[in-house]
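The values are calculated or read from the model by the stated rules, or taken from the named source; none is laboratory data. For clarity, every value in this text was computed on a predicted model and none was experimentally measured. All Cβ positions, even for glycine, are placed from backbone atoms using ideal geometry, and neighbour counts span all protein chains on display. What goes into the accessible areas is simple: the full protein's heavy atoms, side chains included, and nothing from ligands, DNA or RNA. Shrake-Rupley method; radii C 1.70, N 1.55, O 1.52, S 1.80 Å.
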Amino acid sequence: MNKRTESAYLAKARHNLKNPVNAILGYSEMLIEDCEDENLNALVSDLVKLNKAGNDVLDAIDDNFDEKNLSENNKSIMDVAKDTEIAIRTPLTTIIGYSELIIEDNYKIKLDNFYSDMEKIIQSGKQIELELKSIMHFKDHLEKGIKLKSFDDSDDFSMVEDVLSSIKPLNREDRSLVNTGTILAVDDNVNNTDILKKRLERLGNRVLTANNGKEGIDILSSNWQEIDLILLDIVMPEMNGFEVLRHVKGSKIFNSIPVIMISSMDDKDSIYRCIEMGANDYVTKPFDKEILNARISSSIERKQLRDKEKELINEIKLERDKSEKLLLNILPKEVAKKLKNKEKNISKRHENITIIFTDLVNFTPQAKDLKADKVVRVLNELFKNFDDLTLKHGLEKIKTIGDSYFAAGGLTGNVQVAAKNTINLSKDMVKATNSLNDDTNFMDLQIRIGIHTGNVIAGIIGKNKFAYDLWGATVNFASRLESTCEPGKIQISEDTKSIIGDRLDLELRKDVEVKGIGTINTYYLNYT
């Protein structure tokens, strides 16, 4: 047998011996707790002796299977088995003997699972005996070509060798309060998962169990949103623990779930590689229950804190999105971006901007006899339509002033296209006003519109209720065109006509007196 095969066999043998020892210690500790709760002091005394014998067996296995001692004393596998058998003979007899006596003497005990747990302790003790016999006869069976019962095709030590071969040797660079949740326990030994389930559920956890790696992955895939922690053995059929760990940590869905490795493999390389692959902790079997509980609690706490952090981040993102949407409702996109970047100089001079002003004729007299909510509802419905139309034609709404509406085209993009879009917007605004009259049956609104193209200065004013606004003669000119316009008409300036060209159907108005500007020529747009 080569050195690596022998090492793999010894690792598997130690694993097979420690599993039943772990069951003995786990079941006896739980029975001690139950008996103490029920004041069954005589039983507690016997169970403590049984538990101590289990620890003696564990110490003997650790001492005899220590690789350093094996190497220094040049011991064979059979030597290890014989020394172990001698060392555990007395404590093993104590375990089986005391367990049988306890069952015989206390047949009226009404504790849940008392007799079934005691039977499992007896069976675990007998399993240790069988494992030792298999180890002692390993060489004879190997030479005769006989497969051992404990190492047949379904459960041979090649499983350990597969695990060892997947572990890279360490090189020089490699050396340079209880929180409860839902736990997935994956271990090929049914006793181990049974003990973990009972113990952890006592603390208030919900425990899911699997007895091979593939089954564990299937359960994880169905319950990953609920699982707070994975307890994972290494030596398992179907998929070993390294493969499961690699799958979990390589997944975008599962990788945030903490993993604690629980294994009888206590060599440095296994521990190092598990942590390197993303395991959050590594506990060797048999484990101290209090230490394991503390590590489980800590891992669950960190997972739940991370989940809470994700929730808060998502909430912050939603609120930020709402704020950005609100900001874009108030400001042009380019200006909102500058404001978020905390730029101080947001003012800017724009050339050839086309301004549109609208006003509802006789709205105030018609509204005085209506209830306030109806007035607001009518105006809101019309201006919401105007907002949609402004967005459709690519203009920026600047503000509303009473029953007047103020927008601008050309702040971004091509100014000639923006001027044409403003003309099209004005036509749609007239249609929207007429449509509102038809729908309400109690309003007879007429709109007048003024449009002018020229230079403006844009910026933000105010502190608490800041506003984006435009200033300059162009704004005043457009406002004057609106106020001198006849109801139901669209009046545009010579400058707007010149930037668009001669493709509009226009009616010339000569010598129009405009306050603050003088006598000018303007145009009515024929839109019907």
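Here are some conditions: (1) open to solvent by 20 Å² or more (accessible area, probe 1.4 Å); (2) at positive phi. ASP438 meets all but one. Which one does it not meet?
(2)
I'd like to verify a number: residues in region 471-509 that are more than 57 Å from the chain's Cα centre (by Cα), open to solvent by 80 Å² or more (accessible area, probe 1.4 Å) and over 16 Å from LEU525 (Cβ atoms), how many?
Qualifying residue count, region 471-509: 1.
So which of ILE275, ILE316 is of a type outside the set (D, E, K, R), modelled with pLDDT of 90 or more, assigned to a helix (DSSP H, G or I) and farther than 18 Å from LEU200 by Cα?
ILE275
If I ask for residues that are in a loop (DSSP other than H, G, I, E, B) and among the small types (Gly, Ala, Ser), which ones from region 397-419 would you list?
Residues satisfying the conditions are GLY402, GLY410, GLY413.
Which one of ALA13, ALA53 is in contact with a Phe, Trp or Tyr (Cβ under 8 Å, 6 or more places away or on another chain), modelled with pLDDT under 85 and surrounded by 14 or more Cβ atoms within 10 Å (Cβ to Cβ)?
Matching residue, one of ALA13, ALA53: ALA13.
May I ask you to say which residue of LYS149, LYS108 is open to solvent by 20 Å² or more (accessible area, probe 1.4 Å) and either under 30 Å from LYS49 (Cα atoms) or modelled with pLDDT of 85 or more (or both)?
Within the list LYS149, LYS108, the selection yields LYS108.
Could you check region 397-420 and list, in sequence order, the residues that are open to solvent by 30 Å² or more (accessible area, probe 1.4 Å) and of a type outside the set (S, T, N, Q)?
LYS397, LYS399, ILE401, GLY402, GLY413, VAL415, VAL417, LYS420
Restricting attention to region 36-67, which residues are over 20 Å from LYS285 (Cα atoms) and part of a helix (DSSP H, G or I)?
Result: GLU36, ASP37, ASN41, ALA42, LEU43, VAL44, SER45, ASP46, LEU47, LYS49.
Yes or no: ILE219 modelled with pLDDT of 90 or more, surrounded by 14 or more Cβ atoms within 10 Å (Cβ to Cβ) and of a type in the set (Val, Ile, Thr)?
Yes; evaluated as a whole, the condition is true for this residue.
Inside region 327-396, counting only helices (runs of 4 or more DSSP H) that do not spill past its ends, which hold 1 or more residues that are open to solvent by 50 Å² or more (accessible area, probe 1.4 Å) and either at pLDDT 90 or above or touching a strand residue (DSSP E or B) at 6+ places or on another chain (Cβ under 6 Å) (or both)?
Once the helices (runs of 4 or more DSSP H) in region 327-396 are filtered for at least 1 residues that are open to solvent by 50 Å² or more (accessible area, probe 1.4 Å) and either at pLDDT 90 or above or touching a strand residue (DSSP E or B) at 6+ places or on another chain (Cβ under 6 Å) (or both), what remains is 372-392.
Out of the residues in region 186-207 that are open to solvent by 30 Å² or more (accessible area, probe 1.4 Å) and either among the hydroxyl-bearing types (Ser, Thr, Tyr) or touching a Lys or Arg at 6+ places or on another chain (Cβ under 9 Å) (or both), state the one that is nearest to HIS15 (Cα to Cα).
Among them, the one singled out is ASN191.
Here is a check on your reading of the model: is ILE423 at pLDDT 90 or above and either closer than 30 Å to LYS374 by Cβ or exposed (fewer than 14 other Cβ atoms within 10 Å of the Cβ) (or both)?
Against the criterion (at pLDDT 90 or above and either closer than 30 Å to LYS374 by Cβ or exposed (fewer than 14 other Cβ atoms within 10 Å of the Cβ) (or both)), ILE423 does not qualify.
Can we say THR422 is assigned to a loop (DSSP other than H, G, I, E, B) and among the β-branched types (Val, Ile, Thr)? Reasoning before the result, please.
Working: assigned to a loop (DSSP other than H, G, I, E, B): no; among the β-branched types (Val, Ile, Thr): yes.
Here the answer is no, as THR422 does not meet what is asked.
Conditions (1) within 19 Å of ASN414 (Cα to Cα); (2) at pLDDT 95 or above; (3) polar (S, T, N, Q), marked per residue:
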{"residue": "PHE442", "(1), (2), (3)": "no, no, no"}
{"residue": "GLY450", "(1), (2), (3)": "no, yes, no"}
{"residue": "ILE460", "(1), (2), (3)": "no, no, no"}
{"residue": "LYS463", "(1), (2), (3)": "no, no, no"}
{"residue": "ALA467", "(1), (2), (3)": "no, no, no"}
{"residue": "LEU470", "(1), (2), (3)": "yes, no, no"}
{"residue": "SER483", "(1), (2), (3)": "no, no, yes"}
{"residue": "ILE490", "(1), (2), (3)": "no, yes, no"}
{"residue": "ILE500", "(1), (2), (3)": "yes, no, no"}
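So which of LYS285, LYS310 ends up being open to solvent by less than 60 Å² (accessible area, probe 1.4 Å) and either within 30 Å of MET30 (Cα to Cα) or not hydrophobic (A, V, I, L, M, F, W, C) (or both)?
LYS285
Hydrophobic (A, V, I, L, M, F, W, C) and not in a helix (DSSP H, G or I): is that true of ILE109 in this structure? Steps first, answer last, please.
Numbers: hydrophobic (A, V, I, L, M, F, W, C): yes; not in a helix (DSSP H, G or I): yes.
Answer is yes for this residue.
For (1) open to solvent by less than 40 Å² (accessible area, probe 1.4 Å); (2) modelled with pLDDT of 80 or more; (3) in a helix (DSSP H, G or I); (4) of a type outside the set (A, V, I, L, M), each residue gets a yes or a no:
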site: LEU70; (1), (2), (3), (4): yes, no, yes, no
site: VAL80; (1), (2), (3), (4): yes, yes, yes, no
site: THR84; (1), (2), (3), (4): yes, yes, yes, yes
site: ALA87; (1), (2), (3), (4): no, yes, yes, no
site: THR90; (1), (2), (3), (4): no, yes, yes, yes
site: ILE96; (1), (2), (3), (4): yes, yes, yes, no
site: LEU101; (1), (2), (3), (4): no, yes, yes, no
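Residues in region 250-261: is at least one in a helix (DSSP H, G or I) and open to solvent by 10 Å² or more (accessible area, probe 1.4 Å)? Break it down stepwise before answering.
Filtering region 250-261 down to residues in a helix (DSSP H, G or I) leaves none.
No, because not a single residue in region 250-261 is in a helix (DSSP H, G or I) and open to solvent by 10 Å² or more (accessible area, probe 1.4 Å).
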